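The values are calculated or read from the model by the stated rules, or taken from the named source; none is laboratory data. What you see is a predicted model; the values in this text were computed from it and never measured. So basically every Cβ, Gly included, is an ideal-geometry build from the backbone, and we count neighbours across all protein chains shown.
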Amino acid sequence: MTEDNRIRSIVIVGGGTAGWMTAATFSRILGSQYANITLIESDEIGIIGVGEATIPQMATFNRMLGLDENQFVRETKGSFKLGIQFVDWGRVGHTYFHPFGKYGLDMQGVSFHAYFLRLHELGEAPDIDAFSLQAQAARGNKFMRAIDAGNSPLSDIAYAFHFDAGLYAKFLRRYAEERGVVRREGRVVDVKLRGHDGFVQSVVMQDGTEVEADLFVDCSGFRGLIIEQALKAGYTDWSHYLPCDRAIAVPCASVDEWTPYTRCTARKAGWQWRIPLQHRIGNGHVFSSKYMSDDEATAILLANLDGEPLADPRTVPFRTGHRNKLWVKNCVAMGLAGGFLEPLESTAIWLIQSGLSRFLTMFPDRGFNQADIDRFNRIMTTDYEEIRDFLILHYHATERSDSPFWDYCRTMEIPERLAEKMRVFRSHGRCFRENEELFNDTSWFAVMHGQLMKAQSHDPVADVMSLGETRSRLAHIREAIANSADYMPRHRDFIRQNCAA
């Protein structure tokens with residue numbers, strides 16, 4: 001690439017989490033000397049703001065930006081997250097925990113899951129949570145960062161964050177503007193394409209001003225102002241796999257105990273989220289409009305809050321799926337403009353993070369080579385498909401038959417890739433992370449076991465260790481995890497000592 005062909009100007013259309021994550025990333029990696037970066041947003045357009053919970057990869061993003069973690073948590077009024085508690089998913093009255101980090105310890109080249117299932121078959125193993133530091137700490141509302149403690153579980157504590165999405169966008173805005181990003185207030189009302197090749201030439205503001213650039217990033221939310229309305233990328237709809245299509249969201253007053261986990265409670269036509277922050281609790285009811293009305297969904301949500309509502313409930317309609325192409329010509333879509341997978345496993349912000357990372361590895365010059373574009377689209381589509389399958393698992397692997405919604409989910413046809421994973425688990429309890437997919441074997445095991453799937457037998461390779469030795473080692477691991485959880489301070493106290501808003 002010659003310097004003359006370098007991208008000189010970038011316009012990001014839309015703010016919110018996606019827009020300001022993009023601006024912050026480009027300003028950090030490219031710098032203001034590489035290209036002029038402009039972000040256009042309108043104060044009149046609100047943000048969706050359901051992305052208040054994250055997964056551990058968020059810490060990688062923060063480190064890339066060089067953020068001080070305590071400042072980040074303080075300014076977003078955030079809290080820490082050790083995993084997700086699932087209530088009433090496998091059956092009504094049953095609860096399980098999907099932890100960050102691993103279960104136990106792999107031994108002699110054999111997965112810990114195999115040793116656990118060997119004792120579980122005999123009715124000897126306690127709940128799997130006993131072998132997860134994150135699960136045990138969450139149960140006691142404990143939290144701390146990892147310390148140098150040798151072989152102790154305290155040396156390796158994976159965690160993520162809850163935060164206020166509006167405050168996070170403001171936090172990143174300050175970061176990006178300090179590094180040369182220019183924010184332009186106003187609404188984009190039209191997109192002009194070049195006549196000879198169909199590339200985006202400019203976006204037209206409400207006052208008639210045209211803003212040109214070499215590269216456009218569409219962060220305009222569900223509308224897909226450039227990627228869809230102008231460039232006609234097309235959309236792959238997954239409503240038949242993930243039938244929820246609406247969410248009712250409302251914040252409520254906080255409680256004294258700040259739980260270090262997200263809670264997802266299954267309802268008769270969807271599920272309810274609970275995300276604890278320092279100043280409030282974020283709540284929402286994700287449901288299928290085919291099986292429940294807005295009024296009923298709102299009533300269920302309001303009847304299951306910890307404190308007084310702090311705002312009127314608002315409705316967010318959505319369609320699960322993704323653009324057929326997230327990068328078309330000289331426009332790439334990030335966030336909701338690229339696709340939407342419901343927030344069941346807190347993957348929305350990771351998809352922005354992944355999109356930015358993958359885009360930077362294929363960063364174009366003004367020639368916009370189609371091979372680069374095709375590879376990006378293929379990889380991003382795979383990311384969406386792999387997360388989709390993990391989400392479907394929660395709905396499909398259930399014993400619930402108490403409503404038409406759950407009857408549909410339990411009996412629906414599922415993608416073959418997921419069906420194979422389920423067959424492999426039911427055979428010998430094995431779980432595998434395929435290629436570079438987001439969720440690892442621990443996550444697959446946590447949800448399959450947690451959703452009450454049963455393996456016909458344990459992995460026979462676990463029999464390399466005698467039954468007595470297996471009992472002894474698992475008891476030792478369980479004790480080490482219990483002692484470590486006891487050592488940890490309360491989540492609320494850790495925040496107040498380190499990063500209180």
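Brief remarks on what is shown
- Within region 314-321, not a single residue is farther than 27 Å from ILE248 by Cβ and not in a strand (DSSP E or B).
- Residue satisfying all of: in region 487-500; in contact (Cβ under 8 Å) with a residue 60 or more places away in the chain and in a helix (DSSP H, G or I); nearest to ILE128 (Cα to Cα) among these: TYR487
- Yes/no for PHE216 being over 22 Å from the mean Cα position of the chain (by Cα) and outside any loop (DSSP other than H, G, I, E, B): yes
Residue by residue, here is whether (1) assigned to a loop (DSSP other than H, G, I, E, B); (2) at pLDDT 95 or above holds:
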position: LEU225; (1), (2): yes, yes
position: SER239; (1), (2): yes, yes
position: ASP256; (1), (2): yes, no
position: ALA266; (1), (2): no, yes
position: ASN283; (1), (2): no, yes
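- The helices (runs of 4 or more DSSP H) located wholly in region 9-99 that include 2 or more residues which are modelled with pLDDT of 95 or more and closer than 30 Å to GLU210 by Cα occupy 16-29.
- For region 356-395, a tally of residues being in a helix (DSSP H, G or I), surrounded by 15 or more Cβ atoms within 10 Å (Cβ to Cβ) and of a type outside the set (Asp, Glu) returns 20.
- Qualifying residue in region 412-422 (condition: in contact (Cβ under 8 Å) with a residue 60 or more places away in the chain, loosely packed, with under 15 Cβ neighbours inside 10 Å and out of contact with any helix residue (DSSP H, G or I) (no Cβ under 9 Å at 6 or more places or on another chain)): no
- Qualifying residue in region 161-170 (condition: over 16 Å from TRP444 (Cα atoms), in a loop (DSSP other than H, G, I, E, B) and in contact with a strand residue (DSSP E or B) (Cβ under 9 Å, 6 or more places away or on another chain)): yes
- Hits in region 451-475 (condition: part of a helix (DSSP H, G or I) and aliphatic (A, V, I, L, M)): VAL461, ALA462, VAL464, LEU467, LEU474, ALA475
Conditions tested, residue by residue: (1) under 30 Å from SER427 (Cβ atoms); (2) in the same structural domain as GLY224 (by TED's automatic domain parsing); (3) among the small types (Gly, Ala, Ser); (4) in contact with an Asp or Glu (Cβ under 9 Å, 6 or more places away or on another chain).
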{"residue": "GLU121", "(1), (2), (3), (4)": "yes, no, no, no"}
{"residue": "ASP127", "(1), (2), (3), (4)": "yes, no, no, no"}
{"residue": "ALA130", "(1), (2), (3), (4)": "yes, no, yes, no"}
{"residue": "ARG145", "(1), (2), (3), (4)": "no, no, no, yes"}
{"residue": "ASP148", "(1), (2), (3), (4)": "no, no, no, no"}
{"residue": "LYS170", "(1), (2), (3), (4)": "no, yes, no, yes"}
{"residue": "GLY180", "(1), (2), (3), (4)": "no, yes, yes, no"}
{"residue": "VAL191", "(1), (2), (3), (4)": "no, yes, no, no"}
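- Residues of region 125-169 that turn out to be under 26 Å from LEU65 (Cα atoms) and without any contact (Cβ under 8 Å) to a residue 24 or more places away in the chain, as a count: 5
- For the condition under 29 Å from ASN62 (Cβ atoms), in contact with a helix residue (DSSP H, G or I) (Cβ under 6 Å, 6 or more places away or on another chain) and in contact (Cβ under 8 Å) with a residue 12 or more places away in the chain, LEU341 qualifies.
- Filter result for ILE281 (in contact with an Asp or Glu (Cβ under 6 Å, 6 or more places away or on another chain), within 30 Å of VAL73 (Cα to Cα), buried (at least 18 other Cβ atoms within 10 Å of the Cβ) and not acidic (Asp, Glu)): yes
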